[in-house]
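Please read the structure below before turning to the comments.
The values are calculated or read from the model by the stated rules, or taken from the named source; none is laboratory data. This one's a predicted model, so the numbers in the text were calculated from it and none came from an experiment. So basically every Cβ, Gly included, is an ideal-geometry build from the backbone, and we count neighbours across all protein chains shown.
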Amino acid sequence: MSLPAAQTPERPFDRQLVAISGKLALLTRRDARAIVARLGGVLAREGSSRVTLVITEDDLCRAAGLPDAETLRGQYYSSKDLRGMYPVLRDDHLRYLAKCGLVHPVAGRYYSFADLHVLKNAAADLERGMPLNVAMRDLVAEQQGQLSLDFQASPRADRMPARVVSLRSAAGAGANTPSAPSTGLAGLTSENREERIQAANYTMAAKFFLEGAELDDGEDPDLDAASASYRKALLFDPVLVPALVNLANIHYERDNLVEAEAIYERAIRLDADCFEAYFNLGNIHHDLTRYSEAVRSYRDALAINAEYPEAHFYLAVTLEKLSRSAEARPHWKAYCELAPEGEFVKLAREFQDAPGTD
């Protein structure tokens, strides 16, 4: 599409009488007219002979900075999709919600994953017989004060990182009640002496780890003291992965994401089967909107422990953000099966049964 020199990037259709070639597949004519006007032009009546610019629907979307047709189909829910999901919602309801700034449709009638929380609640209020204006007040109050699924406002408020609460000794025995081995080294070979020192160091590391895990637990954890205990454990055993994971968790809860990420990655290098490190690293990637990396981390975590419902849930949310709904559905289903009384089970069921947009 070529533009005359007099036009500007802000008004590429300035003084143009615009015709759209072919049938409109995604936009309504009303939407197209509004977009053309915003870009400085006038949408021609069908059959007009005075047209100065002919464009396709995709050209119009691109000129307006909107997703093209393929992207809209794959990444957004159309108003038709929404009527299938929430039959009580009419087009006038959707326009009113948009006018009040509660949802943000693209190209007039395409809605993102982020809008669905508001639409679901609006539909539920209408089904209970609540007038829309009353429901609107509740939705505005909720939107101002509630953390939704985008994990942006306070990503660690609703989801605690996975913790390690017990140890296995180097020999595979439980380390909840570590007992110190004899430290007498006289008469031992150098190899046996090294083994005895390592055993003693592990016992002290286990002692401080369990001390930290106790301080790190409960409704009022002492994170400073727990952090100090984990660091003492690592002085005795620098490769004690559970201490690394729980120390990283403290950084994560305090929003020190760079430090937490580095420690989780170190834990993974030391133990390629550390579920907690993969899962928590996925949360960090998500918080930083690195969604593709988050998907990989959550999948790595589930390859180690497929029975952890939250890993399925957050993987499903991340896949939805990447507009990969078909891939998300098995994980919505897995969350519902693994956590039938879970906090997000109603939402998971809704997305599990939602019509496809892929």
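Could you identify the single residue in Ala277, Ala243 that is assigned by TED's automatic domain parsing to the domain that holds Val317 and either more than 20 Å from the chain's Cα centre (by Cα) or over 16 Å from Ala162 (Cβ atoms) (or both)?
Step by step, each of Ala277, Ala243 is checked, and only Ala243 is assigned by TED's automatic domain parsing to the domain that holds Val317 and either more than 20 Å from the chain's Cα centre (by Cα) or over 16 Å from Ala162 (Cβ atoms) (or both).
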Answer residue from the stretch 284-299, given it is in a helix (DSSP H, G or I) and charged (D, E, K, R) and is surrounded by the most Cβ atoms within 10 Å (Cβ to Cβ) among those: Asp287
Unique residue being crowded, with 16+ Cβ neighbours inside 10 Å and of a type in the set (S, T, N, Q) when the list is Asn246, Asn256: Asn246
Top-ranked residue of the stretch 300-315 - restricted to ones that are crowded, with 18+ Cβ neighbours inside 10 Å and among the charged types (D, E, K, R), ranked as nearest to Cys274 (Cα to Cα): Asp300
Tally of residues being of a type outside the set (A, V, I, L, M, F, W, C), touching a Phe, Trp or Tyr at 6+ places or on another chain (Cβ under 9 Å) and either modelled with pLDDT under 90 or surrounded by fewer than 19 Cβ atoms within 10 Å (Cβ to Cβ) (or both) across the stretch 324-342: 2
Residue match in the stretch 254-267 (condition: at pLDDT below 90, in contact with a helix residue (DSSP H, G or I) (Cβ under 6 Å, 6 or more places away or on another chain), within 30 Å of Glu327 (Cα to Cα) and part of a helix (DSSP H, G or I)): yes
Meets criteria (among the small types (Gly, Ala, Ser), modelled with pLDDT of 85 or more and surrounded by fewer than 20 Cβ atoms within 10 Å (Cβ to Cβ)) for Ala25: no
The stretch 302-323 residues that are closer than 13 Å to Ala334 by Cβ and modelled with pLDDT of 90 or more, paired with ones that are outside any loop (DSSP other than H, G, I, E, B) and basic (Lys, Arg) (beta carbon under 8 Å, 6 or more apart): Leu315/Arg299; Ala316/Arg329
Selection from the stretch 224-278 of residues that are within 22 Å of His312 (Cα to Cα) and without any contact (Cβ under 8 Å) to a residue 24 or more places away in the chain: Glu261, Tyr264, Glu265, Ile268, Ala272
